[in-house]
Amino acid sequence: QQFHDLSLTLRERLLRAGNQTGKTFCGAAEVAYHLTGDYPDWWLGRRWDRPVKVWAASKTGLSTRDTVQKYLCGEAGVVEAQGSGSIPRNTVDWKNGVTTARGVADLYDTVQVKHKSGGTSILRFKSYDQGREKWQGETLDIIWFDEEPDLDIYIEGLTRITATKGMVFVTFTPLKGQSDVILRYIKEPSKDRGEVVMTIDDAEHIPVEERASIIAGYPAYQREARARGEPIFGDGKIFLTPEEALREQAHS
């Protein structure tokens, strides 16, 4: 709720969260609201009263298909699943309003979505491994990054929404440490930028009695990131001791 509310005033948002807490679900739900113009009663964030142009992206074509596309449109390659994602089935002509991408089986390129104003919103799927050049040229209203992009892709995406005064939002677990994108949110305060942190303890769909064993199943140095959305110190296995243990040693 906090993350979505921030869309009313912020150009850039980050939902920094643990694994399986629902961050991709949140991103896909918001994209669907904007594409259709059909917002739930509890929605306090920004609203579009016209069709929008949206890019939704993840690291690779495969990860885009298996996460972002799945949450928005349904399981790839399963005809019966079309329209079982966050985009309502009856807002898309699944036979004529969808084009497929090259190189990855069942990956969509473009989906045309009916907006309640009477027009048509355009959703395109992208991936970071296409390179910065493939992110140039288009003028957009919204970009959703699911999983952390490199800074050059992030900035290129941000450039795409300048003319429309649109917005960019990111949903990820910070496994790349204190990266340039993380530091942009943590160390560079701006009235146009904000983040919300979600931990495993905020995820009410994960039973309380199972949370400790889930956390224990992660490598020690990744537990803070995977359970609580806290960036790993260093990049990779530079510091194998979890931050919590280091604090205890410092105070003993």
Hits in the range 145-157 - residues which are open to solvent by 20 Å² or more (accessible area, probe 1.4 Å) and β-branched (Val, Ile, Thr): 155
Among the listed residues 67, 36, 9, identify the single one that is open to solvent by 30 Å² or more (accessible area, probe 1.4 Å), in contact with a Ser or Thr (Cβ under 9 Å, 6 or more places away or on another chain) and not acidic (Asp, Glu). 67
Complete set of residues in the range 104-129 that are open to solvent by less than 20 Å² (accessible area, probe 1.4 Å), of a type in the set (A, V, I, L, M) and part of a loop (DSSP other than H, G, I, E, B): 107
Taking residue 60 as the residue in question, decide whether it is over 23 Å from residue 101 (Cα atoms) and of a type in the set (Val, Ile, Thr). no
Quick one: in the range 158-179, which of the residues that are over 13 Å from the mean Cα position of the chain (by Cα) and open to solvent by less than 10 Å² (accessible area, probe 1.4 Å) is nearest to residue 226 (Cα to Cα)? 177
Residue, nearest to residue 46 (Cα to Cα), within the range 164-208, restricted to residues that are among the polar types (S, T, N, Q) and in a loop (DSSP other than H, G, I, E, B): 164
Under 8 Å between Cβ atoms, which residue pairs at least 6 apart in sequence (or on different chains) link something in the range 88-113 that is closer than 12 Å to residue 125 by Cα with a partner that is open to solvent by less than 30 Å² (accessible area, probe 1.4 Å) and of a type in the set (Asp, Glu)? none
Output the number of the condition that residue 80 fails; it satisfies all remaining conditions of (1) open to solvent by 70 Å² or more (accessible area, probe 1.4 Å); (2) in contact (Cβ under 8 Å) with a residue 40 or more places away in the chain. (2)
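The values are calculated or read from the model by the stated rules, or taken from the named source; none is laboratory data. Note that this is a predicted model, so its numbers are computed, not measured. Don't worry about glycine lacking a Cβ; one is built from the backbone with ideal geometry, like all the others, and counts go over all protein chains shown. Heads up: the accessible areas ignore ligands, DNA and RNA and are worked out on the full protein's heavy atoms, side chains in. Shrake-Rupley method; radii C 1.70, N 1.55, O 1.52, S 1.80 Å.
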